[in-house]
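J.: One structure is given below, represented as structure tokens, and several questions about it will come after.
The values are calculated or read from the model by the stated rules, or taken from the named source; none is laboratory data. As the structure is a computational prediction, the values presented were derived from the model and not from experiment. Using ideal geometry, Cβ is built from the backbone for each residue, glycine included, and neighbour counts are taken over all protein chains shown. These accessible areas exclude ligands, DNA and RNA; they are computed on the full protein's heavy atoms, side chains included. Shrake-Rupley method; radii C 1.70, N 1.55, O 1.52, S 1.80 Å.
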Amino acid sequence: DGERPKLPGGRRPYVRAPLPARPLTLHYDRDEETLHLDEGRIAPVPPQAWDFETGSARVLEQWFAARTAEGEPGTLAAIRPATWRQAWTSELLELITVLALLAELRPRREALSVTDPVTAAELRSAGVLPVPGTARRPASVLDHQEEGPEGQFALL
């Protein structure tokens, strides 16, 4: 909810050519900063968003493959929408923006380092350890001390 984030420089990716009902291929044109899903096009897509990797794999390629790969017959993975969902297009536009913003922060993130690890003794002296017993069990309505009219529990 709220305003969608923008790419660095204030731009936003848009669908420039309609996406097909079932795109099968994903291709990136670095010169035009355009992502091609078959004949559909999304632009601008900064190179940093396309190149963003996690676990030595491009995030955008993984995302696309997860939505278009055929599941093994007879498994739950084989049950998929017959066509490209509109929500996937919205997710893709937001993912492109988030990846570009994360790539912009990468140099600052790499500059951060933890030089002194936090020890258990420091956590004890700060009152974080030991964890209180009340935090180890689920909350209960019966443990609630506030009362409503005529002594009834007030469930908020």
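J.: Of the conditions (1) part of a helix (DSSP H, G or I); (2) closer than 24 Å to Arg4 by Cα; (3) not acidic (Asp, Glu), Ala77 clears all except one; give me its number.
T.: The failed condition is (2).
J.: Still on this structure: Please specify each residue of segment 85-104 satisfying the condition of being open to solvent by less than 30 Å² (accessible area, probe 1.4 Å) and touching a residue at least 24 places away in the same chain (Cβ under 8 Å). Please lay out each step first, then the result.
T.: Applying the first criterion (open to solvent by less than 30 Å² (accessible area, probe 1.4 Å)) to segment 85-104 yields 88-89, 92-93, 96-97, 99-100, 103.
Matches in segment 85-104: Thr89, Leu92, Leu93, Ile96, Thr97, Leu99, Ala100, Ala103.
J.: With respect to Ala82, determine if the residue is open to solvent by 50 Å² or more (accessible area, probe 1.4 Å), among the hydrophobic types (A, V, I, L, M, F, W, C) and in a loop (DSSP other than H, G, I, E, B). Walk me through it before giving the result.
T.: Working: open to solvent by 50 Å² or more (accessible area, probe 1.4 Å): yes; among the hydrophobic types (A, V, I, L, M, F, W, C): yes; in a loop (DSSP other than H, G, I, E, B): yes.
In short, yes.
J.: Only one of Pro8, Pro13 is modelled with pLDDT of 90 or more, over 16 Å from the mean Cα position of the chain (by Cα) and not basic (Lys, Arg). Can you tell me which?
T.: Details: Pro8 fails: modelled with pLDDT of 90 or more.
Checking each option against the conditions leaves just Pro13.
J.: Is there any pair linking a residue in segment 106-118 that is farther than 20 Å from Glu53 by Cβ to one that is open to solvent by 90 Å² or more (accessible area, probe 1.4 Å), with Cβ under 7 Å and at least six apart or on different chains, and which?
T.: none
J.: Any residue that is at negative phi, in contact with a His (Cβ under 6 Å, 6 or more places away or on another chain), surrounded by 11 or more Cβ atoms within 10 Å (Cβ to Cβ) and free of Cβ contacts under 8 Å to residues at least 60 places away in the same chain - is there at least one of those in segment 25-43? First the steps, then the outcome.
T.: So in segment 25-43, the residues at negative phi come out as 25-32, 34-37, 39-43.
Applying the additional criterion that residues be in contact with a His (Cβ under 6 Å, 6 or more places away or on another chain) yields 27, 36.
Restricting the remaining residues to those that are surrounded by 11 or more Cβ atoms within 10 Å (Cβ to Cβ) gives 36.
Now narrow it down to the ones that are free of Cβ contacts under 8 Å to residues at least 60 places away in the same chain: 36.
The answer is yes; a qualifying residue exists.
J.: Is it the case that Pro81 is free of Cβ contacts under 8 Å to residues at least 60 places away in the same chain and in contact with a helix residue (DSSP H, G or I) (Cβ under 9 Å, 6 or more places away or on another chain)?
T.: For Pro81, the condition - free of Cβ contacts under 8 Å to residues at least 60 places away in the same chain and in contact with a helix residue (DSSP H, G or I) (Cβ under 9 Å, 6 or more places away or on another chain) - is met.
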